[in-house]
Amino acid sequence: MDDSKNDSKNIENAIANDPLARYSDAQKTKALRKLDWSLIPLLGVIYMLSYIDRGNIGNAYTAGMGSAWGIASNQYSWIITAYYLAYIAFQWFILLWKVISLPAWVALMALSWGITSILQAATTNFAGLMALRCLLGVFEAGFAPGVALFLSFFYHRSEMAFRYGLFISFSPIANCFASAMAYGIVHARTSLSSWKLLFIIEGIPTLLMLPLAYIFLPKAPGHCRFLNQIENEIVSLRAAQGRGHEEEGKLNFKQVCTAFYDYKNYIQAVIAFCLNSAFAALPAFLPTIIEDIGYSSVQSQGLSAPPFKNRSVFLSSLSIIGAVGFLIQALVETSGARYFATYLICGGVFPAVALTFTWVTDNQGSASKCGAGLVIFGLLFFAAILVQFLRFLMSRENKRRDERYGIVDSGEMPENVADSGDDHPDFRFML
């Protein structure tokens, strides 16, 4: 009788210390899988559409826009640069993901960039296109850069790299899909120029996704329409266990300021700059690179699709692979070798960018600091060296804390981590 009472008391104490203990492993696994299958594809499709809308300028240029307007090479470079100047200037939108209704915000941004993308077909001069590309950069800055922070609300640090990698994988799919679509559009016989038709057709799917984004994107853990009550509770408890307790809808300005004097953010910013210089160039310049190899405009649209079909050590290796691809592009004149180099670029750059983004979110102690870190966060051999240098610094800090405070489970966050962030004695960096 006493043993039975003791067992019941032990179970109650275990549940009090770990609220997730009341649920079976099967229930927790089912809730996590449903979250994965519902959240990642939805975010991925929205990102794929945004990537198509930002990158279709390259297909439009080779489809006749450049010759129709007499756009010189340096003017085309400015059209590309205008987007990224606005995109970088409005990276601070990331912080809004912590304080506003996310479904409404994402739907508003998607509506804005979808309309802006379609309006590019109505432009009649270089200045008009420059203005629209700036607006496109502003609106898309309100979505993609904040996704890493958004996913960190739902997943443990050890789970982030795989999920964000799946999310980023929609970008090469976007390039493949957009290039294949462009190949078909340039063969169409209509009264409208093929490059104008391309802007319109590739912008419409974004508008069609708006209702799904607004209805099914959750505001926070525990508010997922595609999960039942028990599954929502499991996801909410897992989020608190993996990231610590933080007040919803409020920024911790102390942690935001802390992000600006954290050396890790600046090293990761340089790594991101190196990788994103290559990442951003792919959709805009790949069709023109292939056309420059010696293929026709129509062939370059079709050949832009195939290359896309195909934490520290991996990041360095992928950076080097991408760098080798760009090196071949710069030094080799053989058409076959240069086209093969596009596979190396795609295979190295895309996964490297995915790993870099999650490295930022996984090594910030609070969501507020994480968001600010991504703002700061927002070419390749240098990145590989920096990755290993940063790994050395974080590994050394982990060992120092182990010696001073004792070894802890790096998979769980301390409950009061929101105030002290990654300075907390029990916080360990992900290597």
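Quick notes on this structure:
- The conditions of being of a type outside the set (Ser, Thr, Tyr), modelled with pLDDT under 90, surrounded by fewer than 18 Cβ atoms within 10 Å (Cβ to Cβ) and not in a helix (DSSP H, G or I) are not met by ILE88.
- Residues (surrounded by fewer than 21 Cβ atoms within 10 Å (Cβ to Cβ) and farther than 16 Å from GLY114 by Cβ) located in the stretch 210-219: ILE215, PHE216, LYS219
- Scanning the stretch 38-59 for residues that are surrounded by fewer than 19 Cβ atoms within 10 Å (Cβ to Cβ) and under 19 Å from LEU197 (Cα atoms) returns no hits.
- The listed residue being farther than 20 Å from SER112 by Cα, of a type in the set (A, V, I, L, M, F, W, C) and part of a helix (DSSP H, G or I), out of LEU166, LEU136, LEU207, LEU198: LEU166
- Enumeration of residues in the stretch 225-235 that are within 21 Å of PRO103 (Cα to Cα) and either acidic (Asp, Glu) or surrounded by fewer than 21 Cβ atoms within 10 Å (Cβ to Cβ) (or both): ARG225, PHE226, ASN228, GLN229, GLU231, ASN232, GLU233
- The single residue among TRP113, TRP97 that is within 25 Å of the chain's Cα centre (by Cα), among the aromatic types (Phe, Trp, Tyr), in a helix (DSSP H, G or I) and at pLDDT below 85 turns out to be TRP97.
- Count of the stretch 62-73 residues which are crowded, with 17+ Cβ neighbours inside 10 Å and touching a helix residue (DSSP H, G or I) at 6+ places or on another chain (Cβ under 6 Å): 3
- Residues located in the stretch 331-350, provided they are modelled with pLDDT under 70, in contact with a helix residue (DSSP H, G or I) (Cβ under 9 Å, 6 or more places away or on another chain) and either on the phi > 0 side of the Ramachandran plot or surrounded by fewer than 22 Cβ atoms within 10 Å (Cβ to Cβ) (or both): GLY347
- For the stretch 30-37, the count of residues that are closer than 30 Å to ALA240 by Cα, in a helix (DSSP H, G or I) and more than 25 Å from the chain's Cα centre (by Cα) is at least one.
The values are calculated or read from the model by the stated rules, or taken from the named source; none is laboratory data. In this text the structure is predicted, and so the values were computed from the model without any measurement. Positions of Cβ are generated from backbone atoms using ideal geometry, with glycine treated the same way; all protein chains shown enter the neighbour counts.
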